[in-house]
Structure formats: structure tokens, C-alpha cells
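Okay, structure first, notes after.
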Number of protein chains: 4
Amino acid sequence: MRYRPSSPPDGGRIPVTILGATGAVGQRFVERLARHPWFRIASLCASNRSAGNTYQQATDWIMDSPIPPNIAGMQVRECTPDVPGSIAFSALDSSVAGELEETFAENGYAVVSNARNHRMDPDVPLLIPEVNSDHLRIIRQQRYEAGCIITNPNCSTVGIVMALKPLLDKFGIELVDVTTLQAASGAGNPGVSSNRLIDNTIPTIDGETAKIETEPLKLLGEFRDGAIHPADMRISAQVNRVPVRDGHTANIKLKLRAHASPEDVRQALEAYESPLASLNLPSAPGRPLRTSRDPSFPQPYFHRNAGGGMAVSVGPVTPCNVLDYKFAVLSHNTVRGAAGAAILNAELLVRSKLLSLLRQ
Amino acid sequence: MRYRPSSPPDGGRIPVTILGATGAVGQRFVERLARHPWFRIASLCASNRSAGNTYQQATDWIMDSPIPPNIAGMQVRECTPDVPGSIAFSALDSSVAGELEETFAENGYAVVSNARNHRMDPDVPLLIPEVNSDHLRIIRQQRYEAGCIITNPNCSTVGIVMALKPLLDKFGIELVDVTTLQAASGAGNPGVSSNRLIDNTIPTIDGETAKIETEPLKLLGEFRDGAIHPADMRISAQVNRVPVRDGHTANIKLKLRAHASPEDVRQALEAYESPLASLNLPSAPGRPLRTSRDPSFPQPYFHRNAGGGMAVSVGPVTPCNVLDYKFAVLSHNTVRGAAGAAILNAELLVRSKLLSLLRQ
Amino acid sequence: MRYRPSSPPDGGRIPVTILGATGAVGQRFVERLARHPWFRIASLCASNRSAGNTYQQATDWIMDSPIPPNIAGMQVRECTPDVPGSIAFSALDSSVAGELEETFAENGYAVVSNARNHRMDPDVPLLIPEVNSDHLRIIRQQRYEAGCIITNPNCSTVGIVMALKPLLDKFGIELVDVTTLQAASGAGNPGVSSNRLIDNTIPTIDGETAKIETEPLKLLGEFRDGAIHPADMRISAQVNRVPVRDGHTANIKLKLRAHASPEDVRQALEAYESPLASLNLPSAPGRPLRTSRDPSFPQPYFHRNAGGGMAVSVGPVTPCNVLDYKFAVLSHNTVRGAAGAAILNAELLVRSKLLSLLRQ
Amino acid sequence: MRYRPSSPPDGGRIPVTILGATGAVGQRFVERLARHPWFRIASLCASNRSAGNTYQQATDWIMDSPIPPNIAGMQVRECTPDVPGSIAFSALDSSVAGELEETFAENGYAVVSNARNHRMDPDVPLLIPEVNSDHLRIIRQQRYEAGCIITNPNCSTVGIVMALKPLLDKFGIELVDVTTLQAASGAGNPGVSSNRLIDNTIPTIDGETAKIETEPLKLLGEFRDGAIHPADMRISAQVNRVPVRDGHTANIKLKLRAHASPEDVRQALEAYESPLASLNLPSAPGRPLRTSRDPSFPQPYFHRNAGGGMAVSVGPVTPCNVLDYKFAVLSHNTVRGAAGAAILNAELLVRSKLLSLLRQ
């Protein structure tokens, strides 16, 4: 929730709206945007059921800091493409996000979405600024005159991909085995009943396996000849819900393309630096990867808030009897894996000047 | 805790002692042996610190049924090889189990151990009766005149191996990737502080990875020419502690040696029958594997007690992008993975007549 | 879930229906009635949304034993007063229970309800068989020709009242201060989101305070001159939801009317015997109160299942600086506090012959 | 962990030592003192077992932010009264605190203790700066030439007393009934085993009831004629451990001496202002009491960090059937209830000039 010191590109804060503002991810958007140096919340949108109430009335607030006082009394509006704001952050449920986001883009909003619906569209960037900021350019191919749609990956994918990126760059990656331990907040709010999660774990999450097995290929793909060419690797995922509030852990085993010693792999992770440093984006963590050689690292309660929730924690690398190496990765699922990711995407969009181009 | 109806082979219940009776696994031994049709608890042994107190005084009881009334008042004794009992169930800590178990065997006790110390000794059977009951014969090579040592595997290993067994028999297995979610009770008592496990998981368990990567090779190995020849497969494990009381989950991905369709694999698991059926052992579950095609199966709270805690639950088999197939396995770590396993081993020992041979 | 051996009064099992069969309490009814020696489940009713599906399809099952196989495939029906069964166990939501239960009673069903709607009606018995079985006679004043309505108290009330009863009988009670720690399952299913209960407690439960402050007065009241005269005492309650699956704890401080030493009070609780012993009701626990002088007694995980979930656990009595004495009470909220309570009420109804009178 | 802007009284930061630095409260001292504007950690002391190791090696760190980098490598020392520092913050276990703290005071340290040993000594202030800062003067009666001992109350007491203070001042208080729900960290580290707290609560905490029933009388007592005269009220407490990391909840029912309407009581709490405002102490929260009329307020996860963990949250006041009023109180047990309390006491000591007097 702390931002790097930075002033908005053109001196004034950009008005934004939040679509689906009352859910778990919507709340995280509100918490982070309420104090954002570049953006100001101009409107809050949610379902018909919530519209007309104040944000406080409409929301079962589950953040650990209070509702920002200047937001609590704002009236929630329906998701219609005439609400104040030029960027529309979308925390919409996938049952409605597909069409609504297109409508907003058609009406000139820069839609910065956390929903899964458009992630795999060929002309929509699926973006992690530290990983594939060049994919952003594909929005020029979108059919919208003034608006656009950009997306961030699934909450589990983002940590995995950020840890894979330096290894892909240095050694190439052929195979990835993933098993996740995912936090309750990843299911939204109310999400999982406490009757299901006290003294229990659940070995399935609807649709999650497919997302983890496909999204990284686009994220780590190459943008050339006007298209994103998916990375050439195979990923297999198993997923679990665990009784943790926030923070998804991924246990990763992988096979590299080039030979690399354990020490090579560790150093590639430890030495990794953000390619965004010069852009001075408020949400970008100084070091995107936090590594440790302590075998008990990382743990959700203790490390999910590293870098204001935007850094990814990577445990010690050890040899694997089946593939080459194995290690654990942790990221904050509603920050780095959702609202924080989208806000960072919007910051990149603003910095890239594409937003101002779009709005002309 | 329910036993199959059965009467002791020779009409009288066999006196047994429990070494390390006050810890988490020791308590599970007490709970299950107190009502066992073949065995009766003749003495309870623990550290010097506990000796002299009643069992109730000496024990921080964490079972969910009360201390059996006839046991609560028994005096705890030191672990000396003159305590009443002809079988010595060992729940000793590995820091002392090695020597103590040998001393008991030398003094004519049949030591049925849950400790890791002697598991990999060439002349000690590492036993899962449904899997490798023929390995029991190796005790004839032990140097003890009247006693012996037999062991059961690590609490995570047992569920994994029982699920692998029918697949190994039918298709052969080349590679196994495992990631575990392990319950708090697996760390003993007091074990893990609640400061560590509320809203948290831990990506390491001391020594666990090595056990999961090696013990299955001996368990699934072949006994011929007087020796156990380890199975020819490679296993890679990652482990996690999760805030669950009892029940270890293993997420498994594997590569078979022969071609098999998904349906072939499912049916191999579903059709698997216990080779022990005719022995009528009291602790043996009717069906050792409980399978379901429900993706939310199995879950620790709901399924750990299947078959009185002695059955292993196996979730749906799906294709894997990296190896061949993947599925989840659940077993009760202090029952099937510890005390129940040892008691079943003792039942096999009794039924096999080896015990009476030893005692002559 | 274990019943005392007993055969049905007239040799055949009585057909029953369950209204609201898919919720948390409805599931507990199913679990317990599926193996009941006197009753057999003839139909299962739920909302329109569930009707037409099998019970397994319609239900998010949260019991720790599997759905009884003979029930899993039964078709769920709408709650219309023509479903098979002569007793209708009601686990209906209070938003619909009021009218529906009356309709069932009008159509000749003996409605045995866990819902709050009719509890305080002057001609409806609010019943704990060990406490006020004579109140049952008031059903003769009900307007139904063949049917009737009887109710059990709120899930927190039952444990409190059972612990108060022997003290009221011996010493009189003037004042009662209660603070509860209530389990997640008390909120139904899905009930409380895990986003609310991981690493948290909640200091309110809708409507609960009023129930705890009023229901005991009727329960402990006197039935004379054709009416129930409420007990003359004052109760004050504070309530909390805690991250426990099952088992409500009440911390009680009370002021007696007669002088009593601490030992007097302890012995009154310890010596308390069930007035139901001679009736041989299958669900009645042998000893309704389980007492201990261990200050760490009782605890939900370890003691909620005492007496098959039907016994109430009472901790040590100590002097109170403000009132006279204080102690803690634990009861299983969906067994003794809901489904088990209703089933015991039905058993009393059957045994009392009132059911057969009603049905003539 | 955020401090109010403030500069040290005399321009330089005061060197301090922490006794018992590796435990749960000791860690909280380290976390808060590492960035304190007035104090700097000059040494860290713990048991012989830890001495000689770096702080990182010696500590099972359970704070949710990393060990401060400048502290991690400091060598832990034995608790001998020659370690650098003029203030000695004591998080010692009560088994050793009594004598050790006296030794440190004799050697000229201002001992600011969280241990219970000296709390009730007639010449030792038991201090909550917002409540009884005048009690500080009693240290002049201590036998030490240059040193002194001051103490803060038990972790549960502090929230209770801060909520009672404005009501005592306005209406007088006669009787107080308390029932607590206390967090795991209150038992220290490792403290309570997760085998005890998953899906469970515990109705006892060693020695806690007596502390809650006696400490408030001294805290709310009057300092006159050179002695503290305890407040004239009676308190009765029942305590519970619950599966929450941090944050103790107290359910309070009380009887006032003067008549007061519900609204009078609410306003007394809401209008309460810190008497410390003018002192500008870095750890003092702006508003010591945070009130709300929302019945679901306060909750540990959501409100324990109010005022940097130093504010006390008070829920809505409602009439009580037995005494006069009831409400719930929440405070952070290792901050306001331990390390933060002691640091605030030290700030008061520094500001009061008593420290410099002592050191002359």
C-alpha cells in the first residue's frame, strides 16, 4: 500500500472508475487507489443490487485497514459506460466481464481488467510489466477508437511467471510442474465457507488448472510480426485451497533447456533486476524477486506483503530427481495477483503515453 | 478405531508395551490398542521425566476421544527391556530410537517401530502389509535370537506408495513428482507452534523430502535372493506444513512405463483389492483405496477417517502435460501413517506365525 | 451418532420427512435419522431450487462421514404437505418456517422443529426432555386436529439450560451472566465466509442475544393451570463467533437464591442424573452432564462429541467476585443444539403416546 | 509501528537494552525500538542458550515484517547488568524476572518491565500513561540509587482498564464482569501447540484470571499520601484462548455507581480524549479509544492495529439485564498489551524528567 514517491506525468491525478468495486478484489482496488499518487477514484460501480447505496453500506469490507474515509460515503453506481473516469479498473465477475468491458472500451475507457474473459484474446495484452511490457503495443490492433482493454494474469500465474522469467532468459525452460497452495481470498468474497476451510484443504479450484497451464505461455511469449507467439514450454498444474487469508504458494519443479548448476540458477534469481527501474512507476517494487536460501522461506503470513505486496518471494533452489530444479514461490494474490497488478499495468499504460494517444 | 471382527490366533490377547507412549503417535497407539481384539497394553514407557507418573498426569492428550479409563491410571515406566509385553510398539523419537529398539530386540521383544532409524537397514522390513508383506521374511536374517525389528514408513510415504502399487503392478512407473500438504500432528506434540500455523503454511519439514524420495523404492522393491532390491524409479518431493489437524495430502504426477489410457489408470486404482482379505487382520481396511471421480475429493477433514483411518483416498486421475497422469492422495498421518500402520504390521507378524517362531 | 439399543414402540419404524434437508442442520438430521432405530427417512424436502435433484446433487455436504448411501440418490422434493412421513423434522430457515410448519401441522404431521418461529408461542412446547418433559402436554391446546408443533431451543440455549437445571432445582437461580464462543456451523451453510473467520472472531450473532436471554425462562418455567409460567430469573448475554467447526462454549456466572458452598454446587452438577433413564430413548445420553474439575475442561474439539454429541460438558465451578459462581459449558451445536435435540424431542413424543393419540 | 513525529528531548537517542529479546514480546520490542525516534537498541539479552549467537540465529521470528537489518546480526548477550543501555526493557519470563530486574535497577538501569513479578509491589508503578500517569511518582520511594522499576499491566488488563477509565471518572464503577477471548501470541513463543488450537478454544489461561481481577484495582486506584489506594470495585473474570494470532477481546458487563443512560455511557466513551496529548509521546495514539456503534465491531484481524496497535477499540454499549451495561473491547496484546505499553511508559518516564533525575 506504500507507493514509491512519484508525481503524475502531467501534474493532475487521472480520474478512474472501479467496476465490481464491492468484491474482494474491488476492495483491494479501493484500498490502493484511494491513496494513489497518479489516480483518483471518480466513481465506484457494482451490481444493481448494490447501486444506490453508499460504498460502506454495499460492502462487506475484508481489508485490514478501514474503508478510506473519503470513499465510505460515495454512492455506488451501476456499471454503465457513462460513469466518471477515464480508466476503468475491472474486478468484474467473469460471468459479466466479457461484454461489459467491451462496452466500456467502445465508449473510450481504458479498461484495465483483472477478469479472465479477454486475457487470451489475440489483440489484448496479458501483461506483467516486469516481464513483457512490450506486449502492450498490441493494443493498437484493437478495434476501439479511443478505449482499449489490457489484462493481468490469474492470481497464481503472476508469481510463477515472475520467478520463471530470469530462468527463461538465461537458460530456456522446457517443462514446468506446479502445485499450488492458494489462499481463501482468491475465491472472492464471501468465497469459501468456513465450514469448508477450518481444519481442511480442498484439492481443486474451478478453472484454475487451465489458467496456470496456458497463461504463462502467452506472458512469456514473443511479440513479433504484430502477434504474440506463445513460449515453447509445457506446464502441468495441480491446485489446492488452504486456510490462509492471503498469499498463494506455488511449488515448482522445472527442466531447463541449457545446462545450469544449482548455483547458476540461484544467482540468476538473486541477481534479477526490474527492467522498470527507470520508469519510476509508483506500484513497482524496487526488487521484483525476494530470494532467500532459508528452507523455511517463503511463508504467506510473513512474506506476502514484501514490496507492499508487489514483490514475489522465491525460496531456495534445490536439485530435482525428476526434472532439473525445484523451489517455492509466494505472491500476494489480491495485490500482485489482482488489484496491484492491474494498477501497475495502468501505470505502465500512462507512462507509455499510449493512454494519451488513445484519448485523442 | 473400529476393528474388523476377529479373534486372536490362539485365544488369548498378547501383552504389548508402548515405547514413547505420551507423544502424538504414542497416544494414537494407546487409543487403538486399548480396544484391540488381539493385543492388550501391559505397560507404557516414556522418558525419565514422565516415568513414575500416571499416564494421565504424564500426557498432554490430543486425541478426540477421552483417555481409555483403564489406561489413565497406569503408571508410566522408563524404557527398559524388562517391562511387561512381548511386542514393543515404538513411537520413540529418532534421537533415541536407534539403540533402544535394538536393546529391546536383543531382549526378545518383537519391536514394531514407527521410528525412522532402522527403516533402511538391509535386514529390517519396511512394511506395508497390502504392498510388500513378503518382505517380512527378511527378519530371519536379523541377529536377534528371539526378538526382531520391523518398521512402517514415514507418514507421507504410506499413502503415496499404496496409490502407486496397483499402477506399478499394471503399467510400471518411471518417474514420480510429489508435493505434499501435511497436517500439524505430523510434527508430534507440541510440534508446531500456533504462532506459525494460524493464517500460514510452511514450505519445509525437516528430513521429509529425503524420506519420501527413498522409502518408496525399498517398499516397492523386490525381495529375492535374500535381499530387497529397490524399485527402479525416480521420485522428487516438495513438502509443506498446513493448518490441518490430521491428514496428509500428496499431489502426485507420474510417468508410467507402459502406455495406459486415463481410463486404464482410473480402473486400475478403482479395481484394486487388498491382498490381505483372507488374513482377516483386525486393522486392515476392507478396501485399502477409496477412489472418487469428484474433483473436490479427497479432503482431510472429510475423508481422513475412511476405513477407520486405515484406507487411503485417491482423487480423480487426469492427464498431465509434463509426465503422464496426475491425482491427489490423502491418508491419515497418525493412523495409516504411524500407529495404525505399526499395529497392522504387528497383526501380520502374528498371523504369519513368525512371532511365535521368534518366541520359541 | 450411536444410539442406545432400543426397539421402536410398535415394532415398525416410523416414516419421517425432513424439511430443509440440504442445510447444515438438515444434513445433521439426515446423518442421524439414516441409522435411527425408530424412524426411517421417507422423504427429503428443500427449496424449489433443490427440488428434483438427488440429495447428493442438491447438497454441499459438510458432515465428516459420507452421505448415507441409501439417501444419496433420493430425490429432493418441495416442501408440500403431501410428502411421505408422519413426523416432519423442520430445519427450515426462519424466513419460511413460520407458515410452512403450520401448514404441515394442519395436514396432520407432527412437526418437530428446530426453527425459532414458534418457540415462544404459548401453546407450543419449547422442549429439552431432560429438563421440562412435562411441557409436552401443552400440545393438547393446539388447534390442529391430528398434527402438532413442538420445538427445541436455540443452539446456545440448550447447553446453558441443561447446566442450570440441577442448580435451579437445588438452590434457585436469580441472575445469570453468559458470554458465548460459538462455532461456525451455527451460522448454517455456507454461513460465515472464511475471509471473516481465519485469524478472527466476531462479537455479534444476529438475534442470538435475545434468544439466550428469553428462551431459558420458558424452558425452566413451570407448567401449571394449563400454561407455562416463565422462571423468575434475569439473564444477560454477550455472544461471539469463533473459528471452530462445531461446539458452542458458554462462560457462565450466576447468583443463586439459596446459600451454597462451592462444593455444594459442584456436587449438584456432578450428581445430576437424567430423569429420562427409564424411558430408554435412543438419543438420550446416559449421563446428560459430563463434569470435570480440570480447569482446561471443556474444549470444543475434544469434548463436543461426548454422549454421541448429546451430552453437555461442564467445567470446574469457582467462586465469582461479582455474582456467586462461574463455570464454562460446552455443547455440540448441531447435535444437542439442533438436529439431535429435535430427534430426542420426537422420541419423547413417540414414547409419551401423544403421537399415536394425535394420529387417531 | 508508526510513531508520531517527535524528536528526543535532548537531541540524542537514548541507548536501551532488551532483556528476553528473543521471545514473542521481546521480538515486538525489537520491531518497535528499531525505528524509535528517541531510543536506539544498544544491546540484546536473552538466556545462556541464546547468548553468543546473532539475534537472527537465536530467534524464531514471528513478526510479520522482517527482522530489522541492523539488528539481525547483533550478538545476543547474557542478562548481566553491564550491558550497554540506560533503559532496560524487560520481556523476561516471570520465572527469572523478579531478581534479574532488581539487579538491573540496583545497577542503575531504569527497568521498564512487562513481567508480572513487581506489578503489585507497593513502590512500583503499574502504569498506563493515559490512565494513571501520576502513579509514576511513586518510584521516588524505591530503594535504588540511580535505577528504578516501572511496569505495565497484563495484556488483557490494559484494554479493559482503558475502556473503564472514562466511565469510572464520570459515573463510578461498582462491579465488572469480564470474559476474554485471547490470542495465541499472548502465550509467548512457541506458546500454544497448533494441536491445541486448530478447530478449538481453551477455557483457561494460567494465572490470568487473578491478574484481570486485581491489576485494574491498582491501575484505577488513587495516589495520595505517598501510596496507591486501590479502586473500590469488584471484578470477576473468565478467560479463553482462541485461534487468533494477535488481539485480545474482552466482553464486559458492568454496574455503575451513578445513574447513566445508554447514551450517556456511549458519549463518555466516544468523547474520551487522551490526557497525554500535550506530551507528544511518540507511541501515544491520537485517540486512545476507537468506538463504533456497529454491532460487529471490534474484530481482532480488522482492528487490532488501530493507532499503530496502541489504540483500544470499544464496541457498542447496550443495556444489560443483570448489571447495567455491556460492550466488547479489543486491544493488541503484544503491542498495547506488552511491548508498546512498556515503550510508552518509558517515553513518559523520559518526558517526565524522572529518568534524568534518576541518572544523576
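Every number in this text was worked out from the coordinates using simple rules, so none of it is lab data. As the structure is a computational prediction, the values presented were derived from the model and not from experiment. Note: ideal-geometry Cβ built from the backbone for every residue, glycine included; neighbour counts use all protein chains shown.
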State the dimensionless ratio Rg/Rh of segment D:155-333 (Rg: radius of gyration of Cα atoms; Rh: Kirkwood radius). 0.96
Cα shape, the protein assembly as shown, gyration tensor, a/c 1.5 rule: rounded
Rank D:M120, D:M63, D:M162 by mean-square fluctuation in a GNM of chain D with C-alpha springs under 10 angstrom and give only the top-ranked residue. D:M63
Cβ charges +1 (Lys, Arg) and -1 (Asp, Glu), total dipole of chain B, debye: 700 debye
Provide the per-residue ³J(HN,Hα) series for segment C:128-133, in order, calculated from phi with Karplus coefficients 6.51, -1.76, 1.60 and θ = phi - 60°, each as a whole number of Hz, with x at glycine and proline positions. 10, x, 5, 9, 9, 4
The answer for the net charge of residues other than A:L344 whose Cβ lies under 9 angstrom from its Cβ, with Lys and Arg +1 and Asp and Glu -1, is -1
Shielding score for B:294-304, defined as the mean number of other chain Cβ atoms within 10 Å: 6
Calculate log10 I(q)/I(0) of chain C for q = 0.07, 0.14 Å⁻¹, where I(q) comes from the Debye formula with a single equal point scatterer on each Cα and nothing for solvent. -0.27, -1.15
Which of the listed residues, D:M162, D:L330, D:P230, is farthest toward the dipole's positive end in segment D:155-333, when Lys, Arg count +1 and Asp, Glu count -1 at the beta-carbon? D:L330
Measuring label to label, 7 Å along Cα→Cβ, what does C:L279 give against each other copy in nm, shortest first? 4.9, 6.4, 7.3
I'd like the Karplus ³J(HN,Hα) series for segment C:192-209: coefficients 6.51, -1.76, 1.60, θ = phi - 60°, whole numbers in Hz, and an x wherever there's a Gly or Pro. 8, 5, 5, 5, 8, 10, 6, 6, 7, 9, 10, x, 7, 9, 4, x, 6, 4
Per-residue mean of other chain beta-carbon atoms within 10 angstrom of the beta-carbon, peptide D:170-182? 3
Among A:I41, A:I87, A:I67: highest mean-square fluctuation, GNM of chain A, C-alpha pairs under 10 Å: A:I67
Express the relative contact order of chain C as a whole percentage, based on alpha carbon pairs under 8 Å and six or more residues apart in sequence. 18 percent
Between A:S292, A:S194, A:S133, find the one with the highest GNM mean-square fluctuation for chain A; connect C-alpha pairs within less than 10 Å. A:S194
In nm, what does the list of distances from D:D93 to its counterparts in the other copies look like, shortest first, when each label sits 7 Å along Cα to Cβ? 1.5, 5.3, 5.3
Charge tally for neighbours of D:L279 with beta carbon under 12 Å away, counting Lys, Arg as +1 and Asp, Glu as -1, is +1
For chain D, what does the helix formula give at 222 nm: sum of -39500 (n - 2.57) over DSSP H segments with n ≥ 4, over the residue count, nearest 500 deg cm²/dmol? -7500 deg cm²/dmol
How far apart are the B:A146 label points across copies, placing each 7 Å from Cα toward Cβ, in nm, shortest first? 7.3, 7.5, 9.7
Got a sec? Charge dipole of segment C:195-299, +1 on Cβ for Lys and Arg, -1 for Asp and Glu; which of C:P275, C:I205, C:N195 is way out at the positive end? C:N195
Enter the Cα centre distance for the pair segment A:18-51 and segment B:110-180, rounded to the nearest angstrom. 57 Å
For segment C:1-153, with +1 on Lys and Arg beta carbons and -1 on Asp and Glu, the positive-most of C:L136, C:H36, C:G108 along the dipole: C:H36
When chain B is turned about an axis onto chain C, which of its residues keeps its C-beta closest to that axis, and how many Å is it? B:D199, 2
Which pairs in the list B:K165/B:K326; C:K165/D:K211; C:K211/C:K326; C:K211/D:K218 are over 26 Å apart, alpha-carbon to alpha-carbon? C:K165/D:K211; C:K211/D:K218
In debye, nearest 20, what is the charge dipole magnitude of segment A:193-240 about its Cα centre with +1 on Lys and Arg Cβ and -1 on Asp and Glu Cβ, if you could check? 40 debye
What size of dipole, in debye to the nearest 20, comes out for segment A:134-237 about its Cα centre when the only charges are +1 on Lys and Arg C-beta atoms and -1 on Asp and Glu C-beta atoms? 260 debye
